[in-house]
Amino acid sequence: MKMNFSDYQRTGLLKRTSCGILVFTFLFFFSGIKSHAQFFDEISNPKVTVKIEHPPGLGLKINKIAFNTATGNCSSQIITSLISDFVNSNVEVIDRENLNLILAEHDFNFSGYVDQSKAVAIGKIIGPSALITVKVLRCETKRDNLHQKEQKYDSKTKRNIEVVAYTARTRVFLKVSIQTVDLTTGRIFTALILDYSPSKENKSYDGKAEMPAEFDVQEIAFQALVADVHRMFLPWTENTQLYYFDDKAGNLKQAFQALQSGNQDLAFSLSQQNLETCKRSIEIKEKTLAHAYYNLGVSYMIRNEFDQAIENFLETQKIRPGTIVTDAIEKCQRAKELAIAMLKVEEKASINAEKIQTEEAQAIRAEVENTIVNSDIIELTKKKIPNSIILQKIKNSKCKFDTSPDALITLTNAGVSEAVIMLMMEKK
């Protein structure tokens, strides 16, 4: 068969094209081999749960909470839920009723509004704490009965048919203002508005569907509010998922089984042993060695030893980089930053507690120094201070006199006048 010039061109082009496809396929395969390996690692290995501790959102450690009067629809249910959460978290709670009783004992009139000076005055009575004011701006329910046409498979006719779907939906709208005041300094910690609109629905193809209960939907909103407020005042735990390699080679599977059973210490010990075994054995592949470094990194992270965890993750990355180890490093770095933030909260709480103790001790000493006792009156009398001045001093000072029979004899023998002794008996 004869071929003209254009036939030769087309044949050459075809050969070049076929060769190009082979070259491209070859390059694609080898350039993507690491990503393929990563893909197989992701689909063939399990995940474990690692807990990450978060500090309180306010950055403060608070051991006592006082509640101001709550206002608005649903406020009583919300306050009850918040108090329950705080009590279960070992936080001392003073509700408004008990707060009023405590303040009444000190002749303190407390209205709903709290300015800085009033907040500090309350704090001196009930001690270091936070005062929470809850105002419910909106708490209402909306119910909807909806219907629309849908395509539904009919098993009898074995085809899709048009049907009417009835939907009953209950939706709750909750909007709450939360203000928190530091009763030590009078400073406002936070003032924010939280907004929720959960819904539940039931569906039916046989007439109207049953309407979801209002209480059930409200409970979803209340729980979300309590969770957000909890995170403001208290440390909280986030569960995150990390891969964990369970290769049979290097006995990595044993470490995973120990971790799966809840024995974290054994898993850590086995992970250390596995890595040493993998580093010594010439039969172990690089992939398994990388997995051993990674597993030990996860074990360190579970123990909150983040620097050691990152060190092992970086060794993994050198040998077998990919999204699994990159994700682990990011999560570990974040956990480390949160742990540092929590440590600062603890340190600040310790400093504040020490400061409060020092101030209380100073106040006690000052009170003792400024309190007049029997010996002070005797001293003033011996120095021939006029009775009128001594009487005025007693009237304007805090006094703690002993007016027992023996003490009265001592006062009389020291030359204290009858008028002074009579006033001392009144002011004791």
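Near M424, once Lys and Arg are set to +1 and Asp and Glu to -1 for all other residues with Cβ below 15 Å from its Cβ, the sum equals 0. In the set (i) 153; (ii) 356; (iii) 137, the label that goes with volume of the Cα convex hull per residue in Å³ computed for this structure is (ii).
Please compare each pair in K142/K200; K118/K427; K124/K348; K248/K287; K47/K279 to a cut-off of 18 Å on the Cα-Cα distance and tell me which ones are over it.
Working: K142/K200 11 Å; K118/K427 29 Å; K124/K348 20 Å; K248/K287 12 Å; K47/K279 24 Å.
Checking Cα-Cα distances, K118/K427; K124/K348; K47/K279 exceed 18 Å.
The alpha carbon gyration tensor of the range 65-112 gives principal lengths a ≥ b ≥ c with a/c of 1.5 or higher and a/b no greater than b/c, which makes the shape oblate. Qualifying GluC sites (Glu not before Pro) in the range 200-270, where qualification requires a DSSP coil assignment and no more than 14 other C-beta atoms within 10 Å, comprise E210. Take the chain with all the other protein chains still there, run a 1.4 Å probe, and you get 61 Å² of accessible area per residue. I need the shape label for the range 385-428. Rule: rounded when a/c is under 1.5, else prolate if a/b > b/c, else oblate, with a, b, c from the alpha carbon gyration tensor. Because a/c hits 1.5 or more and a/b fails to exceed b/c, the range 385-428 counts as oblate.
Counting Lys and Arg as +1 and Asp and Glu as -1 over every other residue whose Cβ lies under 13 Å from the Cβ of I102, the net charge comes to -2.
Over the chain, with a Gaussian network built from C-alpha contacts below 10 Å, which listed residue (L146, L252, L411) shows the highest mean-square fluctuation? Most flexible of the set in this elastic network: L411.
Ordering C332, A168, I43 by the projection of their Cα atoms onto the charge dipole of the chain, which places +1 on the Cβ of Lys and Arg and -1 on the Cβ of Asp and Glu, puts I43 at the extreme positive end. Think of the range 114-191 as a dipole: +1 on every Lys or Arg Cβ, -1 on every Asp or Glu Cβ, centred on the Cα centre; then among S117, I178, C139, C139 lies furthest on the positive end.
Please give the charge dipole size of the chain, origin at the Cα centre, charges +1 on K and R Cβ atoms and -1 on D and E Cβ atoms. Round to the nearest 20 debye. Walk me through the intermediate numbers first.
Working: 54 positive and 52 negative charges, 341 e Å.
The calculated dipole for the chain is roughly 1640 debye.
What is the range 163-303 by shape, rounded, prolate or oblate, if you read a ≥ b ≥ c off the alpha carbon gyration tensor as root eigenvalues and call it rounded for a/c under 1.5, prolate for a/b larger than b/c, and oblate otherwise?
Oblate, since a/c reaches 1.5 and b/c is not below a/b.
When only alpha carbons are used to place a centre, the range 82-106 and the range 40-67 end up 28 Å from one another. Each label point was placed 7 Å from the Cα along the Cα-to-Cβ direction; for E219 and F173 their separation is 2.5 nm. For the pair R303 and E97, the difference between a 0.36 nm per residue extended length and the Cα-Cα distance amounts to 69.8 nm.
Expressed in nm to one decimal, what extension gain is obtained for the pair E346 and S84 from 0.36 nm per residue of sequence separation less their Cα-Cα distance?
On the way: separation 262, 0.36 × 262 = 94.32 nm, distance 2.41 nm.
Here the segment from E346 to S84 would lengthen by 91.9 nm.
Multiply the residue gap between I364 and I409 by 0.36 nm, knock off their C-alpha separation, and tell me the result in nm, one decimal place.
Working: separation 45, 0.36 × 45 = 16.20 nm, distance 2.98 nm.
Computed gain between I364 and I409 is 13.2 nm.
Modelled spin-label separation between S417 and K398, with each label point placed 7 Å from Cα along the Cα-to-Cβ direction: 2.8 nm.
Taking every alpha-carbon pair under 8 Å whose residues sit at least 6 apart, the range 232-379 reaches a relative contact order of 15 percent.
The values are calculated or read from the model by the stated rules, or taken from the named source; none is laboratory data. Predicted model, so just to flag it, every value in this text is computed and none were measured. Every residue, glycine as well, gets a Cβ built from its backbone with ideal geometry; the counts of neighbours run over all protein chains shown. All accessible areas refer to the heavy atoms of the entire protein, side chains included, with ligands and DNA or RNA removed. Shrake-Rupley method; radii C 1.70, N 1.55, O 1.52, S 1.80 Å.
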